[in-house]
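Below is one structure, written out as structure tokens; comments come after it.
Quick note: the coordinates plus some simple rules give every number you see, no bench work behind them. Keep in mind that what you see is a predicted model, and the values were worked out from it rather than measured. Don't worry about glycine lacking a Cβ; one is built from the backbone with ideal geometry, like all the others, and counts go over all protein chains shown.
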């Protein structure tokens, strides 16, 4: 049993890590794009905002019939988690860059920074606390939503919970629920610490 | 090498209504006027932070439209109200910004930074490793001045550079600017007429997006224009 819990907890972490990783790779550039093209950016934010409001079980439901990315299994779970993780990351990248003091940005341009240098040397470092906060939120939400992924055969700690509910077995439910709660709390504490560090940086 | 600056019939929507102005290489000019008169906009035209809707800006007789703006900005110092220091970088790294962009060697950067920092009265050994947020407003302003001057710019654009400074430091830096006059063409935006006359050879008075008068500093108080009279009266110049 213990070995199972460890294995499934690992699987759970893997699902979330893959999803948040992909969301970071897609979301940060998308957030940057939104700051450069405010009109398109507003539309993009609106769309991912809408995705976020879809209840997670419904989103899994929608994805099941979609060819290639959907179906029953872990792939669907990861796709849904990516969609959920995008919003906090895109939004916080956008807000973080928008929040850079205009005088500082102005000074950067006036000193002769190219727009690429302005982005990498000034805007992104100053937006980093906000971006890390977005990653933290995405991770914590992801750990929670991933427990529901078991409903579509996505694996993870939800497997124990759903099975426990079906079998009216409290110990089985807790075998899923406790590690899931612990993971979320640990992720929150660790990423909050990272956040504080980049603020000092 | 100081650069010449020319604005030819420049208009900027809603802000400037036909400005023509020539500033010779090595001259120092103060832009004065009330808030919103067009001083800052005119200053920002010179390094391309503002683009004219009509007319053109020329640096060393070359239109800005045909100039590499990034290169121009690297040889123009720009000092702004509120300093605009990079909060995530140490004082030294802030001051080293332009020299690094220009690809200077680190020893040369250290020397130049050390010299400019001692000129503004903030020795590099004491302040170099500190971060902007640990400095007072006046100190931040002075570091902003050092950052703009470190690479020996050919144009120095200043927008209320001494706003946050106490009167003694203010006076010292005005002297520093006077000493610098032969090395750079200086354009200086200020509300303070006494300061304008102390730092600049020439005073340009802006009013509602136009130039109201443009005279040698010493002749400015002799102008009869009502706005000039108001400015002179408000400035309580030493007689």
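Relative contact order of chain B: 29 percent, from C-alpha pairs under 8 Å at least 6 residues apart in sequence. GNM on chain B, alpha-carbon springs under 10 angstrom: the most fluctuating residue among B:151, B:179, B:25 is B:179.
From the alpha carbon centroid of the range A:45-100 to that of the range B:113-158 is 47 Å. Looking at chain B, the DSSP beta bridges with both ends there are about 50 percent antiparallel. Shown for B:78, A:84: other C-beta atoms within 10 Å of each C-beta, ranked fewest to most, produce the order A:84, B:78.
Short-range pairs are left out: with C-alpha atoms under 8 Å and at least six residues apart, the relative contact order of the range A:99-201 is 26 percent.
A Förster distance of 56 Å, applied to the separation of the beta-carbon atoms of residue A:68 and residue B:210, puts the FRET efficiency at 0.30.
The calculated 222 nm mean residue ellipticity attributable to helices in chain A amounts to -27000 deg cm²/dmol, summing -39500 (n - 2.57) over DSSP H runs of n ≥ 4 and dividing by all residues.
Over chain A, what is the relative contact order in whole percent, taking alpha-carbon pairs under 8 Å and six or more residues apart? Computed over chain A, the figure is 26 percent.
With neighbour counts taken as other beta-carbon atoms within 10 Å, the residues A:20, B:232, A:140, A:168 rank, fewest first, as A:168, B:232, A:140, A:20.
For the peptide B:59-71, the mean number of other protein chain Cβ atoms found within 10 angstrom of a residue's Cβ is 1.
How much of the DSSP beta bridge set in the range B:97-239 is antiparallel, as a percent to the nearest 5?
So the antiparallel bridges in the range B:97-239 amount to around 55 percent.
When chain A is treated as a GNM with alpha-carbon contacts under 10 Å, the residue of A:163, A:91, A:39 showing the greatest mean-square fluctuation is A:39. If you plug the beta carbon distance of residue B:225 and residue A:196 into 1/(1 + (r/R0)^6) with R0 = 51 Å, you get a FRET efficiency near 0.30. Beta bridges from DSSP with both residues in the protein assembly as shown: antiparallel share about 50 percent, rounded to the nearest 5. Tell me, what is the FRET efficiency for residue A:181 and residue A:47 to the nearest 0.05, using R0 = 30 angstrom and their Cβ-Cβ distance as r? For R0 = 30 Å, the calculated efficiency reads 0.45. Counts of other chain beta carbons within 10 angstrom of each beta carbon in peptide B:85-92 average 4. Within the listed set A:54, A:82, A:143, the residue fluctuating most in the Gaussian network model of chain A (springs between alpha-carbon atoms under 10 angstrom) is A:54. Shielding by partners for peptide A:101-109, expressed as the average number of C-beta atoms from other protein chains within 10 Å of each residue's C-beta, is 6.
Using only DSSP helix segments of four residues or longer, with each worth -39500 (n - 2.57), what per-residue ellipticity at 222 nm results for chain B after dividing by its residue count and rounding to 500? Kindly include the intermediate steps, with their values, before the conclusion.
Details: 10 runs with 85 residues, N = 239.
Result for chain B: -10000 deg cm²/dmol, rounded to the nearest 500.
Ordering A:198, B:62 by the number of other Cβ atoms within 10 Å of each residue's own Cβ, fewest first, gives B:62, A:198.
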